[in-house]
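A quick write-up on the structure given underneath.
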């Protein structure tokens, strides 16, 4: 490439008549040419070495796939940082606003819809139905399955310390219910790691002299109950099962003695619909409860939904709850 060629090429960019600029451009062109030549020589040398050492086409293709994979991972990490930054910034703006609501669920309601959707998709790990319209397009069984997966993934994000604090709040709110005053027998589930915690509630009821019965499986997976005595007596008899006491197995009909029933839930709405774990254990057990006895569901704030905007899927066998307790409020379901 000659100086005259560069001069003609750069006339439109204001280089004409300025030899100093032309000289610099010429130097850049020479350096680029030399660099390209070195790259070609390096590729030829590497090719010869591969041929000499038996590096075949398959190894080269695998190397290229690894490079592509590393590039995708890098892009995902960058997207994660951008996403978390967006959501964190929005939450901080909401929380520091003079009129910002106090609960997490109320804060999330103030987020722009597009960022709320991004947050749900990110934490869910896949495109699970999250809007009422999408829920209604699926059969109830499939809609429930998708929602259960989404809630379980979200619960894994909660820290142990935070869950412990919530468990104490659940205890105080349940004990403060008028329905909990003067009772002699209650049925309460034993919480697992990522569920709304009930151990403080179990201890407090027992300290009051209330007989607390908790779920227990008998022979042949027979559903029944056992009297709670202490946390030290609880044993996880099989993986994934809630801990159970070692006391005498009581028949399923024993729940009829309970004057207050606290049930687990993955989600609940303002109509009293409860999303359970999917086995139908409590729906069948509650059929033996005394009519009129209050049924209380414990969920986290973001798992309680306004049925007018986000009604949970419901089937004929689902038993409604009377009260929903979250870490920030108590909601009574209208009859």
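Per the conditions (1) surrounded by fewer than 16 Cβ atoms within 10 Å (Cβ to Cβ); (2) touching a helix residue (DSSP H, G or I) at 6+ places or on another chain (Cβ under 8 Å), the sole criterion not satisfied by residue 303 is (1). The requirement of being in contact (Cβ under 8 Å) with a residue 12 or more places away in the chain and out of contact with any helix residue (DSSP H, G or I) (no Cβ under 8 Å at 6 or more places or on another chain) is not satisfied by residue 286. Does region 288-300 contain any residue that is within 24 Å of residue 145 (Cα to Cα), modelled with pLDDT of 95 or more and either part of a loop (DSSP other than H, G, I, E, B) or not assigned by TED's automatic domain parsing to the domain that holds residue 260 (or both)? Scanning region 288-300 turns up at least one residue that is within 24 Å of residue 145 (Cα to Cα), modelled with pLDDT of 95 or more and either part of a loop (DSSP other than H, G, I, E, B) or not assigned by TED's automatic domain parsing to the domain that holds residue 260 (or both). Taken as a whole, the structure leaves residue 178 outside the set of residues that are at pLDDT below 95 and out of contact with any helix residue (DSSP H, G or I) (no Cβ under 6 Å at 6 or more places or on another chain). If we scan region 270-279, do we find a residue that is surrounded by fewer than 13 Cβ atoms within 10 Å (Cβ to Cβ), under 23 Å from the mean Cα position of the chain (by Cα) and either assigned by TED's automatic domain parsing to the domain that holds residue 212 or outside any strand (DSSP E or B) (or both)? Yes, region 270-279 contains at least one residue that is surrounded by fewer than 13 Cβ atoms within 10 Å (Cβ to Cβ), under 23 Å from the mean Cα position of the chain (by Cα) and either assigned by TED's automatic domain parsing to the domain that holds residue 212 or outside any strand (DSSP E or B) (or both). Would you be able to say whether some residue in region 145-153 is surrounded by fewer than 15 Cβ atoms within 10 Å (Cβ to Cβ) and either over 22 Å from residue 302 (Cβ atoms) or without any contact (Cβ under 8 Å) to a residue 60 or more places away in the chain (or both)? Yes; the residues of region 145-153 include at least one that is surrounded by fewer than 15 Cβ atoms within 10 Å (Cβ to Cβ) and either over 22 Å from residue 302 (Cβ atoms) or without any contact (Cβ under 8 Å) to a residue 60 or more places away in the chain (or both).
The values are calculated or read from the model by the stated rules, or taken from the named source; none is laboratory data. Here the structure is a predicted model, which means the values were calculated and not measured. All Cβ positions, even for glycine, are placed from backbone atoms using ideal geometry, and neighbour counts span all protein chains on display.
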